[in-house]
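Asker: Here it is: the structure, laid out below.
The values are calculated or read from the model by the stated rules, or taken from the named source; none is laboratory data. This one's a predicted model, so the numbers in the text were calculated from it and none came from an experiment. Heads up, the Cβs are rebuilt from the backbone with ideal geometry, glycines too, and the neighbour counts pull from every protein chain shown.
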């Protein structure tokens, strides 16, 4: 509780850091903040061209199914990667003034969350364009999945941000791990493809869905018609509960590691 109270006292610092981070991202850019909409829009157009004409996928509303998980994945990927360098890039600032060091990973999380929310505007517009009516009953489940993802992200960010101060290899290692993680998560393909394939044993299928992000992608696609999570994955809520437990564990471990080393940050560089 002491940490929460301290962060609350420094909430203005966190706000200013997030604001500065967003401005820095679009510094010297003519279009500035509009890129928050244009980049997701460019990705949408790319998906439509590739999977609609160049490499057509014989699956109804495939582009929508892809984007409902791809945007959350981008949020996860970019957020953790930014978090890996958030402390290392501000060591000089840490040496000069005092503020809760937790503000730095929270800044990376906050700025990336803002960009993710803006990308959802593009997704909603695309839903309307392709005339897909969301399954509103499962929207709370998708919101719960996003909350679990945010907790998981923050836990990972606390771990990698602390370690990156001492080991510059962490960010390179993360990039390699995330490439494999992406293809091991049902983003480009649906979870039903994994369940229906005969190339994986029942044990391997269970292990596949122990990936903390796998049940979350099933939850995100639950807002689409005929993709109700329980029908796709009978033990969906069990796997979602495991993902939530892993997220909380990651947050606790990350908090302990970060607090253990935060006073050594200023000694680096």
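Conditions (1) at pLDDT 90 or above; (2) closer than 19 Å to residue 107 by Cα; (3) over 18 Å from the mean Cα position of the chain (by Cα), marked per residue:
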| residue | (1), (2), (3) |
| --- | --- |
| 125 | no, no, yes |
| 128 | no, no, yes |
| 142 | yes, no, no |
| 145 | yes, no, no |
| 149 | yes, yes, no |
| 154 | yes, yes, no |
| 159 | yes, yes, no |
| 166 | no, no, yes |
| 174 | yes, no, no |
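Asker: With the requirement that a residue be in contact (Cβ under 8 Å) with a residue 40 or more places away in the chain and either out of contact with any helix residue (DSSP H, G or I) (no Cβ under 8 Å at 6 or more places or on another chain) or outside any helix (DSSP H, G or I) (or both), what does the stretch 67-111 give you?
Answerer: 86, 87, 92, 99, 100, 101, 102, listed by residue number.
Asker: Taking the conditions exactly as written (without any contact (Cβ under 8 Å) to a residue 40 or more places away in the chain and either assigned to a helix (DSSP H, G or I) or in contact with a strand residue (DSSP E or B) (Cβ under 6 Å, 6 or more places away or on another chain) (or both)), does residue 142 satisfy them or not?
Answerer: Against the criterion (without any contact (Cβ under 8 Å) to a residue 40 or more places away in the chain and either assigned to a helix (DSSP H, G or I) or in contact with a strand residue (DSSP E or B) (Cβ under 6 Å, 6 or more places away or on another chain) (or both)), residue 142 does not qualify.
Asker: Here is a follow-up. What is the number of the single condition among (1) buried (at least 18 other Cβ atoms within 10 Å of the Cβ); (2) more than 15 Å from the chain's Cα centre (by Cα); (3) outside any helix (DSSP H, G or I) that residue 188 does not meet?
Answerer: (1) is the only condition that residue 188 fails.
Asker: Take the conditions more than 24 Å from residue 5 (Cβ to Cβ) and either surrounded by fewer than 18 Cβ atoms within 10 Å (Cβ to Cβ) or within 13 Å of the chain's Cα centre (by Cα) (or both) and apply them to residue 109. Does it pass?
Answerer: no
Asker: Hey, which of the helices (runs of 4 or more DSSP H) in the stretch 194-269, taking only ones fully inside, have at least 3 residues that are within 24 Å of the chain's Cα centre (by Cα) and modelled with pLDDT of 90 or more?
Answerer: The qualifying helices (runs of 4 or more DSSP H) are 202-208, 213-221, 236-261.
Asker: Right, something else. Can you tell me how many residues within the stretch 129-140 are surrounded by 10 or more Cβ atoms within 10 Å (Cβ to Cβ) and over 19 Å from residue 229 (Cα atoms)?
Answerer: Total satisfying the criteria: 2.
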